[in-house]
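The values are calculated or read from the model by the stated rules, or taken from the named source; none is laboratory data. A quick note: this is a predicted structure, and the numbers were derived from the prediction, not measured. Cβ sites come from the backbone with ideal geometry, for glycine too, and all protein chains shown count toward neighbours.
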Amino acid sequence: MNFKNVKKFYNILMSPIINFFYSRKFKKKLFEIQKKKWKLIPGNITERIETSYLLSLSDEDLIKKFERLIKDDENSYRSDYRKKFVLSTNDKKILDFGCGLGRDGIYLAENGYDVSFADVVPENIDLIERICKIKKLNCKFFKIQSFEDYNKLESYDLIMAMGSLHHNPKEISKKIINILKKKFVFGNTKFLILSYPYERWKNDGYKPFPFWGENTDGGAPWTEYYDKKKIDYLFNNKIIHLDELKINDEFIIFYLKTT
């Protein structure tokens with residue numbers, strides 16, 4: 001047995017134990033941990049950028065930088081999921097959940113959708129609010145600083161969590177979903193969730209989720225793969241799987257409807 005296989009075997013054996021102990025830290029300091037990390041947001045496939053830097057720019061330079069960061073979206077998987085799961089439906093009231101740079105929500109607001117943004121990093125919301133103001137977009141903004149803050153969110157036709165929920169231990173994401181479901185219009189509220197598939201975790205050597213996170217998204221404090229079983233767990237099995245989109249072994253997007 002070579003070293004690579006030994007390492008994989010070790011990871012398979014130790015991952016549940018390591019995940020358990022690290023998840024306890026998250027439960028105690030979730031918002032502190034996530035705020036510290038996600039001030040550095042994904043700009044494009046290769047670039048990560050500090051929110052504080054973007055906020056320091058003039059309005060003109062900020063918009064130029066924003067447009068440069070999103071310019072390849074129309075030729076990427078983002079265009080695929082927007083066309084397939086949003087633009088082709090009658091859903092009009094959208095929540096960009098864990099919005100980061102706000103690329104999806106701003107795109108949709110520019111196309112006439114009623115968009116709200118929510119993020120655990122106050123500076124990220126400040127940034128998006130400023131971009132929306134410059135672009136004259138009428139949106140709503142929510143700074144999530146505690147679990148209680150999730151209660152401030154409204155009812156939506158579609159909640160887009162495009163790369164946020166899988167950066168929490170699944171028990172915490174389930175707790176968040178349980179709060180959000182108070183505002184669900186059952187049979188109408190839909191979810192679009194982008195995550196990493198099992199195959200990506202396997203290909204990366206079955207690493208414990210806090211260690212796997214160090215090698216993804218610029219050093220995320222936690223990254224967890226998702227499959228249908230984990231999605232069902234998040235929603236207490238009260239969810240309909242409408243469709244999914246897999247981008248090679250890199251991403252998986254679940255399109256869901258509450259029941």
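Given (1) in contact with a strand residue (DSSP E or B) (Cβ under 8 Å, 6 or more places away or on another chain); (2) under 20 Å from PHE186 (Cα atoms), where does LEU234 come up short, assuming only one miss?
Checking LEU234 against (1) in contact with a strand residue (DSSP E or B) (Cβ under 8 Å, 6 or more places away or on another chain); (2) under 20 Å from PHE186 (Cα atoms), the one that fails is (1).
Residues of the stretch 85-103 being basic (Lys, Arg) and either in contact with a Phe, Trp or Tyr (Cβ under 8 Å, 6 or more places away or on another chain) or without any contact (Cβ under 8 Å) to a residue 12 or more places away in the chain (or both), which ones?
If the condition is that a residue be basic (Lys, Arg) and either in contact with a Phe, Trp or Tyr (Cβ under 8 Å, 6 or more places away or on another chain) or without any contact (Cβ under 8 Å) to a residue 12 or more places away in the chain (or both), then LYS92, LYS93 are the ones that fit.
Of ILE159, ILE144, ILE125, which residue is under 17 Å from the mean Cα position of the chain (by Cα) and within 22 Å of THR89 (Cα to Cα)?
Answer to the check: ILE159.
For PHE209, are the conditions met, namely being surrounded by fewer than 21 Cβ atoms within 10 Å (Cβ to Cβ), hydrophobic (A, V, I, L, M, F, W, C) and either in contact with a Ser or Thr (Cβ under 6 Å, 6 or more places away or on another chain) or farther than 23 Å from THR258 by Cα (or both)?
Spelling it out, it is not the case that PHE209 is surrounded by fewer than 21 Cβ atoms within 10 Å (Cβ to Cβ), hydrophobic (A, V, I, L, M, F, W, C) and either in contact with a Ser or Thr (Cβ under 6 Å, 6 or more places away or on another chain) or farther than 23 Å from THR258 by Cα (or both).
Select, from ASP232, ASP249, the only residue that is among the charged types (D, E, K, R), surrounded by fewer than 18 Cβ atoms within 10 Å (Cβ to Cβ) and under 27 Å from ILE45 (Cα atoms).
ASP249
Which condition number in (1) of a type in the set (A, V, I, L, M); (2) more than 18 Å from TRP212 (Cα to Cα); (3) at pLDDT below 90 is the one that LEU54 fails?
(3)
Out of the stretch 128-141, which residues are closer than 17 Å to LYS65 by Cβ and either surrounded by 15 or more Cβ atoms within 10 Å (Cβ to Cβ) or within 22 Å of the chain's Cα centre (by Cα) (or both)?
Those that are closer than 17 Å to LYS65 by Cβ and either surrounded by 15 or more Cβ atoms within 10 Å (Cβ to Cβ) or within 22 Å of the chain's Cα centre (by Cα) (or both): ILE128, GLU129, ARG130, ILE131, CYS132.
If you check LEU101, LEU40, LEU13, which single one turns out to be modelled with pLDDT under 95, in contact with a strand residue (DSSP E or B) (Cβ under 6 Å, 6 or more places away or on another chain) and among the hydrophobic types (A, V, I, L, M, F, W, C)?
LEU40
In this structure, is LEU30 touching a Lys or Arg at 6+ places or on another chain (Cβ under 8 Å), in contact (Cβ under 8 Å) with a residue 12 or more places away in the chain and not β-branched (Val, Ile, Thr)?
Answer is no for this residue.
Yes/no per residue for (1) among the charged types (D, E, K, R); (2) touching a residue at least 40 places away in the same chain (Cβ under 8 Å); (3) surrounded by 22 or more Cβ atoms within 10 Å (Cβ to Cβ); (4) within 27 Å of ILE239 (Cβ to Cβ):
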| position | (1), (2), (3), (4) |
| --- | --- |
| ASP126 | yes, yes, no, no |
| ASP149 | yes, no, no, yes |
| ASP157 | yes, yes, no, yes |
| LYS181 | yes, yes, no, yes |
| PRO197 | no, yes, no, yes |
| TRP222 | no, yes, yes, yes |
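In the stretch 104-131, which residues are more than 22 Å from LYS84 (Cα to Cα), charged (D, E, K, R) and either in contact with an Asp or Glu (Cβ under 6 Å, 6 or more places away or on another chain) or outside any helix (DSSP H, G or I) (or both)?
Of everything in the stretch 104-131, just one residue is more than 22 Å from LYS84 (Cα to Cα), charged (D, E, K, R) and either in contact with an Asp or Glu (Cβ under 6 Å, 6 or more places away or on another chain) or outside any helix (DSSP H, G or I) (or both), namely ASP119.
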